[in-house]
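Take a look at the structure set out below.
Taken together, the values in this text are just the output of simple stated rules run on the coordinates, not laboratory data. Remember, it's a predicted structure, so these values are computed and weren't measured experimentally. Glycine also receives a Cβ, built like all others from the backbone with ideal geometry; neighbour counts cover every protein chain displayed.
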Amino acid sequence: MPAPNMELIVSLAKRRGFVFPSSEIYGGMAGFWDYGPLGVELKNNVKAAWWRQMVQLRDDIVGLDAAIIMNPRVWEASGHVSGFSDPMVDCRNCKFRFRADDLKGPPSEIACPNCGNRGTLTDARQFNLMFRTQVGPLEESASVAYLRPETAQGIFVNFDNVATTSRQKLPFGIAQIGKSFRNEITPGNFIFRDREFEQMEMEFFVHPAQEDKWFTYWVAERMRWWTDEMGIGPDRLRLRAHDRDELSHYSRQTTDVEYAFPMGWSELEGVADRGDFDLAAHAAASGKSLSLFDAASGEHVVPRVIEPAMGVDRAVLTVLLDGYHEELVAGEKRVVLRIKPTLAPIKAAVLPLLRNRPELVEVAQRLTADLKRRMSATYDDTASIGKLYRRQDEIGTPFCITVDVDSLTDGAATIRERDSMTQERVALSAIPERLGALLGGEATWAGVPRGSDTAQ
Ligand code: ATP
């Protein structure tokens, strides 16, 4: 099934407060986005799912949070000052800029894709994607610094610090989540290609003899994560190995996890075999040894590095696209975001059936307060029950709890599940525990189809 078109997701994101254009009241800024109340929850849940899987559930990976601005020598040694660039072409007529590899032919032969003129495109020249800034009050060349274009280098320069303080033995990894910045020539496709974005990268250090084995392991493990932990449909995911001529300057082999985005198959995550490129380069440039004694082999080695690297914003976009469904319920369109409950911004919404009955409102608000202690929960009585359900369906809330007149006598309420729309009657006092168990995967849903007189 093809992914829904991007406009539907951009519109849902704006309308429901997931993502706004940055500084929108001033006309926005290309390549920059702000996450609204629901977006920040979704994004935090994506990051938490990665951190849990990569760091908290494993013995062989530890975390790090390095500074965004580092000594500029880092970027000289890593090859980014000389090599982190895209070929850029300008149109002399309309002044538009393009990535040469996005053009369908040599610049001298084709028409400008923006204004249509021929013979107006310049030859390609290399454009460095790093943002430059100044550190300190003096504007001189010695104060030039860069906003990091990847989080990985913060890990490499801390390799020795982490290895010695965490007493890890090969193989082991260091994981980091943080902002990265790239002055992309053509940002676009909503939050797919940004100038400021967030990455989740993990550098896994291995004995040279085990490099290929671990590369294969991480490619398979990352694919598993996308389907099992993120709930992305396997038919919209594929692996693609890079050809020799498209490898980054540091890579020995790379396989991308790609998703069937509306604009075509595109990279979601890259698993790169960086060899010893980075540790060797930083050892040479800094004069510090970045090798390790490997007790298993009795050798001193410069480890090889396998890196799964992904973008948080692309992951959020993928979750929204993949979860978006439209269906007909009783002749009316229902938009439902079928996302993993662990990722849902709100886990439970409490909805009183009648908002003009203070006793009902009180019961519902007390239940909301109870739920809030365990999960993100919300209370809403600002529309009819049918409308309230639709609101929650559209933002992916897995459970709605309806408090009705019977609740006052039977002390129970109805839990409705998002995808099946079936319902379960549960004692008010047992609802937080029941939902906790369902969300934690320790219980199975036992809902039954609703009665014909109730809203769906
Ligand atoms: P692309 O080929 O799309 O430019 P890349 O190969 O340069 O990406 P990497 O350097 O491998 O990307 O970065 C790792 C991950 O970071 C990517 O898989 C992607 O998810 C994310 N990423 C990279 N650039 C951007 C960007 N400009 N905006 C959002 N996410 C990005």
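Are there cysteines in the chain with no second cysteine's Cβ under 4.7 Å away, and if so, which?
Here Cys400 come out as lacking a disulfide-compatible partner, given the Cβ-Cβ threshold of under 4.7 Å.
Using 0.36 nm per residue of separation minus the Cα-Cα distance, give me the extension gain between Val40 and Asp245 in nm, one decimal.
70.0 nm
Can you find, among Leu439, Ala413, Ala427, the residue sitting farthest towards the positive end of the charge dipole of the stretch 348-456, where Lys and Arg contribute +1 and Asp and Glu -1 at Cβ?
Sorting the options by dipole projection puts first Leu439.
On full extension of the chain, what length is gained from Asp60 through Asn189, given 0.36 nm per residue of separation minus the C-alpha to C-alpha distance?
Here the segment from Asp60 to Asn189 would lengthen by 42.8 nm.
Could you tell me the ratio Rg/Rh of the stretch 161-298? Both radii from Cα atoms, Rh via Kirkwood.
A ratio of 0.99.
Give me the one-decimal Kirkwood hydrodynamic radius in Å for the stretch 246-366, with the sum taken over alpha-carbon pairs.
Kirkwood radius, the stretch 246-366: 20.0 Å.
How about the stretch 123-178: which GluC sites (Glu not before Pro) there lie in a loop by DSSP and see at most 12 other Cβ atoms within 10 Å? Mind dumping the intermediate values first?
Details: sites: Glu139, Glu140, Glu150; in loops: Glu139, Glu140, Glu150.
Those satisfying the criteria are Glu139, Glu140.
If you build the convex hull over the alpha carbons only and average its shadow over all orientations, what do you get for the chain? Give it in nm² to one decimal.
Numbers: hull surface 109.6 nm².
That works out to 27.4 nm².
Looking at the chain, do any whole DSSP H helices span at least 18 angstrom along their long axis by alpha carbon and average -0.5 or above on Kyte-Doolittle, and which?
Values: long enough: 37-51 (21 Å, -0.17); 211-224 (20 Å, -1.18); 358-372 (21 Å, -0.09).
Helix filter hits for the chain: 37-51, 358-372.
Which of the lysines could be linked to Lys340 by a straight reach, that is with a Cα gap under 23 Å, when you skip same-chain ones fewer than 8 residues away?
Straight-line reach from Lys340, under 23 Å: Lys14, Lys43, Lys47, Lys372, Lys387.
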